[in-house]
1. Any idea how many residues of region A:34-49 are touching a helix residue (DSSP H, G or I) at 6+ places or on another chain (Cβ under 9 Å) and either of a type in the set (Lys, Arg) or open to solvent by 50 Å² or more (accessible area, probe 1.4 Å) (or both)?
2. Could you list, in sequence order, the residues of region A:216-236 that are closer than 17 Å to A:PHE32 by Cβ and of a type in the set (D, E, K, R)?
3. Scanning for something among the polar types (S, T, N, Q), more than 9 Å from every other protein chain (Cβ to nearest Cβ) and open to solvent by 50 Å² or more (accessible area, probe 1.4 Å), does region A:50-62 turn up at least one residue?
4. Determine which single condition A:LEU70 fails, assuming it passes every other condition in (1) more than 8 Å from every other protein chain (Cβ to nearest Cβ); (2) surrounded by fewer than 17 Cβ atoms within 10 Å (Cβ to Cβ); (3) aliphatic (A, V, I, L, M).
5. With the structure loaded, tell me whether A:GLY103 is surrounded by fewer than 22 Cβ atoms within 10 Å (Cβ to Cβ), more than 21 Å from A:LEU22 (Cα to Cα), facing another protein chain (nearest Cβ under 10 Å) and in contact with a strand residue (DSSP E or B) (Cβ under 9 Å, 6 or more places away or on another chain) or whether it fails that test.
6. Could you give every pair whose Cβ atoms fall below 7 Å, whose first residue belongs to region B:370-392 and is more than 7 Å from every other protein chain (Cβ to nearest Cβ) and farther than 20 Å from A:ALA150 by Cα, and whose second residue is crowded, with 19+ Cβ neighbours inside 10 Å and of a type in the set (Asp, Glu), counting only separations of at least 6 or pairs across chains?
7. Pairs needed: first member in region B:282-309, at the interface with another protein chain (Cβ under 7 Å from one of its Cβ atoms); second member anywhere, modelled with pLDDT under 80; C-beta distance under 7 Å; at least 6 residues apart or different chains.
8. Please enumerate the residues belonging to region A:73-84 that are out of contact with any Ser or Thr (no Cβ under 6 Å at 6 or more places or on another chain) and either open to solvent by 20 Å² or more (accessible area, probe 1.4 Å) or farther than 24 Å from B:ALA523 by Cα (or both).
Amino acid sequence: MLHIEQLTKRYGSKTAVDHLSLHIPAGEVYGFIGHNGAGKTTTLRTIAGLLPIEEGEITVCGKSVRTDALEAKRHMAYIPDDPELYPFLTGVQFLKFIADIRGMSASQRTERISLYADRLSLTQELGQPISSYSHGMKQKLAIISAWMHAPSLILMDEPFVGLDPIASHTLKEMMREHCRGGGAIFFSTHVLEVAEKLCDSIAIIKNGKLVMAGPTEQVRGDTSLEEVFLELEENHD
Amino acid sequence: MIKILLKMQARQTLHMMLGKAAKKKAVTLPLLFLVLFFLLYFTLFIAGFTGMLFFNAGQDWFPSGYGWLFFTMAGIVEFALIFLGSIYFTKQQLYEANDNAILLTLPIPHSIILSSRMIWLLILDYYLGAVCAVPVLVSLLVLQISPAAIACYALIALTIPLFAQSLSAALAYALHALTSRMRRKTLFQTVLTLCILGAYFYFLFSFSFESEALAGLRDKLAPALTGTPLGVFGAIQAEGAFLPVIAILLVFIALFMLLIWLLSRSFARLTTGTSVRRRATFRRDALRGVRSPLRAQIGLELRRFFGSTPYLVNCGLGCLLALACGIFAVVQRNALPAELSANLGTDATALLASALLCGLGCTTLISAPSITLEGRMLWILRSAPVPASVILRAKALTHVIIAAPPYLIASLCLIFAIRPGFTASVCLVLAPQIFITACAFIGVFINLYVHNLAWENETQAVKQGLNLVLTMLAAGGMLTAAALLSLPVLLLFSAAAAAVVACLPLLVLAFLFERLTVKVGAARFDRL
């Protein structure tokens, strides 16, 4: 589903991502954890096509993000950590816009938007301007806009920030359903308990380098993910 | 603390004007020079106009015993220029800036936050005030009016910005409170702004440089203002009465201080209060109606434009002026257009009218901030499977869709008023349309390279960008090039032929910038 080969990303003299290689198969919820400034957001933004690829290669469903970005983007959706949305649109206008640029039919969009808006309890707010939304509501709207066109790969940067417990629970269910249906999810989080319970596999990044990756049970071992993470942070200092 | 906040505002403004170039010293200085040059040009233009206006008025009014009217009108014009320039900027800076929330959480007294914003606004106000007051002062010196009267005027001119800012902030408060409860607040704000602007321009253009018109104006205004506070305001300056002038100064200063005190007590509530609006119901059938990505993007841009008063007024005003120009030509067709046609010929008049409409087209800047306005929402378009060329074309086409109808109506009105020949008529319609199209793509192209995506309030994005200045200059350059190319044809052949020749470079440039935008610009967009 997602292949990252030797991805390297530099900002001037700082190497944000250093020869990162990862493979995320279909059907997996893949967690991406690391300290602040480790390179998680840079990696996600590069996969999503927001940042140019200078070194390395990324393919999504066999399409290269470097050479065939448009095709690759058709197969994925991206939700940033703090989704700024168009304040002059209402929720439904925004979703309609996304549906139009994603080429969804009228029946598809009506069915899916209604479904996910009901699941995330946002239906009553869709007629309101986005400028009146709280952070959590914007997050929910971004989630609906990502899910509604049924992408193969969903990229999320800290998706649980700002969501209430019910919405968090619903999102986790949606993530599992998406992967059971043949999709894949690659998301970053600082909440290790969520990563431990939700993810099939986990990758840990430190200072731009991948320090550990694999199935969650393997990464965690006999301890907890938190202990593994802290130990890795200490050993690499 | 105020110094720190003012430095932050200055940095924001610099970033707003120069974008990423602000970080590169080698680029910043030339760009700053360009901005200052343009600012100086604008200042000298307005100051020159004001100076000539008041000099001519003074030559007629002082000898006829209406010196008080001169001072009254000088005060009104200075106040109006400052007030108009600042009311929406005041509303956005004081009550709607994105960093209000952060600042309010810090241990900074609200009065300090408010004062720093007010000082920044006052800098703008004093600049606008000086643009008006300095030429008036020069006129008074040249007319050899009494030193006492001049001194009184100078003192009043120094405090009018305080009064204008007080009124601006108070009205901005009322507008913010009122519109936060409205559903169609953009429509309301836009209509209000246009009414104020319309009244201002009507008032300003009632002045004329001709002595007969000034005498007529004097005879119309003097009876209306005699005995009123405005009349007394002018009279005490004309008499050089210092004590009443000082009393007025103290009143202006006291009003300003009172305003700061009042606003600082309610600043947090005003900036963080949520609007209480009638809730709109979500209807599932609103999801029907499938559009192509291009149409969807155009729809988005149209909503952005019509949903924002600052954007509409600052970048779309040229459209309204063009329309006003056309209507004026029809109403006054037996006056100015007829005179020009009699002196220059109908085709040459039509050529002049084309140039005028294209000149107004230079001030229609709808596409110029369209990349900047994406701001922190750029990720939506960048992560979508839509070619950058489609997005950029949509931004340019939005400009054309909005501007084309009013300019077409203006062209048709001018044809009706001037009655040129067929060729000149066709050019009078085509030239502004081609010019607008070229400007649309120029604006997008320039904004791809000169932008600031980290703006704090939308007014900054549509008012204070170097991209806006560069787009206007580029459009002006294009118009100048077309005029220079057609001039020999006008002199050697005919006005109709010159009109055709003028259209050709515009057509070439429109095509060139369209190609540049969708090819080179698309690659640039993909790297933003």
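1. 1
2. Across region A:216-236, the qualifying residues are A:ARG220, A:GLU226, A:GLU233.
3. So far as region A:50-62 goes, no, none of its residues is among the polar types (S, T, N, Q), more than 9 Å from every other protein chain (Cβ to nearest Cβ) and open to solvent by 50 Å² or more (accessible area, probe 1.4 Å).
4. Status for A:LEU70: all satisfied but (1).
5. Considered against the rule, which asks whether it is surrounded by fewer than 22 Cβ atoms within 10 Å (Cβ to Cβ), more than 21 Å from A:LEU22 (Cα to Cα), facing another protein chain (nearest Cβ under 10 Å) and in contact with a strand residue (DSSP E or B) (Cβ under 9 Å, 6 or more places away or on another chain), A:GLY103 comes out as no.
6. That search, which allows pairs on different chains as well, returns B:SER370/B:GLU301.
7. From region B:282-309, the pairs are B:GLY307/B:THR186; B:SER308/B:THR186.
8. The answer is A:ARG74, A:ASP81, A:ASP82, A:PRO83, A:GLU84.
The values are calculated or read from the model by the stated rules, or taken from the named source; none is laboratory data. For clarity, every value in this text was computed on a predicted model and none was experimentally measured. Because the Cβ atoms are built from the backbone with ideal geometry, glycine has one as well, and the counts that use them run over all protein chains shown. Remember, those area values only see protein heavy atoms, side chains included, never the ligands or the DNA or RNA. Shrake-Rupley method; radii C 1.70, N 1.55, O 1.52, S 1.80 Å.
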